[in-house]
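Here's the structure we're looking at; comments come further down.
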Amino acid sequence: MLVKVHLNKLFLKQTFTISHGSYDYRDQLIIELSEKEHVGVGETVAIDYYGYSIESLYEAALHVKPFIEKLPSTLAVSTFYQGLLELLPDKPFLRSAFDTAYIDLQSNMNAQTARSFLHINSNSEVVSSMTIGLSDSLTSVYEKIEAGWPFFKIKVNAQHARAEIMKIMQDTGRAFGIDANGALDLGQAQKVIDLVHRHGGVYAEQLVNKKETSLIHQLHFPEGVQHLADESVTDLASAQKMAPYYDGFVLKLTKCGGISPIMDIVQFAKNNNKSLLAGCMTESSIGINHMLTLLPF
């Protein structure tokens, strides 16, 4: 296989603000794998609060490039991923780019869609959503509502509970959930939960820091409001550990290391009646389309 590494900047339409900071662009790394006329692409982005700079990702990609190029394109996806775990044990963001690129390549070599190649039933329909950042104005909120999005994720933090926006969602008949990115203490978290319930929201995502998971039992979640784990779940082991504390998991290709490990988390979640929410790290259509592969779950 031939490996190419591409770097780009993805400039955002507007500033995106969450508890971890404000962003006007994302640094993007694309992995391109090719075998004769067949090509597969995967993507990752640099996220500072996960500890990944574009420089470290690029350096690691170049380091493993010669090892990847020696691998035959006839390897099973699971065997290829095992090799990634050995080459990149502490870089799930980069493993995700290589894993999705390899699945894309294999799908193309077999003249199949990724879903067909992975034997994923594509009959299910799911609802997509738009995120409202902490810096979004009310004008921006109404513009997103008018754009026709049926579901919204509202970012909150200790200073901004966003009750006004929750009421707008209720008044306009839009379904919503909230995401704190682990920024709240228990008292703040309970107040936000009560607001979500009052205004008809359906979930609260990662309210407290993952280091404070054991305290979650002190929170009261009214019927109809689920608690989902995001930053607390990065692999199967962490999903198993978090299962007693959360109603479901937010799965993202980058933080979990790609499609291959996510399939294991999905199976565990289904076996334990956990809800699943697909998420992204502000990738381009490359990363988003790979996540779309998994939406029937």
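The values are calculated or read from the model by the stated rules, or taken from the named source; none is laboratory data. Because the structure is a prediction, the values reported are computed rather than measured. Virtual Cβ from ideal backbone geometry, glycine too; neighbours counted across all protein chains shown. Calculation scope for accessible area: heavy atoms of the full protein, side chains included, ligands and nucleic acids excluded. Shrake-Rupley method; radii C 1.70, N 1.55, O 1.52, S 1.80 Å.
Summary table
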read-out	value
MRE, 222 nm, helices only [DSSP H, n ≥ 4, -39500 (n - 2.57), over the chain, to nearest 500]	-11000 deg cm²/dmol
Highest average packing first - 153-160, 280-287, Cβ atoms within 10 Å	153-160, 280-287
Burial ranking of peptide ranges 9-17, 265-273, 96-104 (average Cβ count within 10 Å, highest at the top)	96-104, 265-273, 9-17
Interchain or long-range residues, amide H under 5 Å from Ser275's placed H	Gly248, Phe249
Estimated distance in nm for a label pair at Lys65 and Gln112, the labels positioned 7 Å out from Cα along Cα-to-Cβ	3.1 nm
Segment 155-270: relative contact order as a whole-number percent, Cα under 8 Å and 6+ apart	20 percent
Rounded to whole Hz, the Karplus (6.51, -1.76, 1.60) HN-Hα couplings of segment 29-35, x for glycine and proline	10, 10, 9, 10, 10, 9, 9
The chain, relative contact order [Cα under 8 Å, separation at least 6], %	17 percent
Spin-label model distance (nm) - Thr17 vs Ala175, 7 Å beyond Cα toward Cβ	2.9 nm
Distance cut-off 37 Å, percentage of C-alpha pairs in the chain lying past it	15 percent
Over segment 59-200, equivalent-ellipsoid semi-axes from the Cα gyration tensor in Å	42, 21, 13
Centroid-to-centroid separation of segment 238-286 and segment 153-219 [C-alpha atoms, Å]	20 Å
q = 0.12, 0.19 Å⁻¹, segment 122-177: log10 I(q)/I(0) [Debye, one scatterer per Cα]	-0.28, -0.63
The chain - percent of accessible surface contributed by carbon and sulfur, probe 1.4 Å	51 percent
Rough spin-label spacing in nm, given labels placed 7 Å along Cα→Cβ, for Tyr50 and Ser214	2.8 nm
Gain in span if fully extended, Tyr245 to Ser78, counting 0.36 nm per residue against the direct Cα distance	57.1 nm
Packing-based order for 72-78, 140-146, 192-198, using average beta carbon neighbours within 10 Å, highest first	192-198, 140-146, 72-78
Fraction of beta bridges assigned by DSSP in the chain that are antiparallel (%, nearest 5)	50 percent
Rg [Å, one decimal], Dmax [Å, integer] - segment 118-224, C-alpha atoms	14.9, 45
Kyte-Doolittle at least -1.0, axis length at least 24 Å by Cα - qualifying DSSP helices, the chain	92-109
